[in-house]
Amino acid sequence: MKEKDAPLVEVFNGSPWETELIKGLLESNGIQAALKDGLLTTIAPYISQEVTVLVNQDDYESAMEVIRNREQEKE
């Protein structure tokens, strides 16, 4: 059982569009994800900034596996 208030941990950092893609991929695999620093990008998309994908600490290993599998498929 997942602890309700478990800390969030970073699993990916990249461009706004890439982090949205990763977030959607994680969520389609049953892993809740959140974006950090995405608000400024929504308001001012011309500003290039990196965005971070965060998941519950309990989901870290599963999330990293999903991300690694994506990277392998790209090769």
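Quick notes
- Residue pairs meeting the criteria (Cβ under 8 Å; at least 6 apart or on separate chains; first within 15 Å of L21 (Cα to Cα), in the stretch 60-75; second part of a helix (DSSP H, G or I)): A63/L26; V66/L25; V66/L26; I67/I22; I67/L25; I67/L26; R70/I22; R70/L25
- Scope the stretch 43-69; condition over 27 Å from D5 (Cα atoms) and modelled with pLDDT under 90; matching residues: I43, A44, P45, Y46, I47, S48, Q49
The values are calculated or read from the model by the stated rules, or taken from the named source; none is laboratory data. Everything numeric here is computed off the predicted structure, so don't read it as measured data. Because the Cβ atoms are built from the backbone with ideal geometry, glycine has one as well, and the counts that use them run over all protein chains shown.
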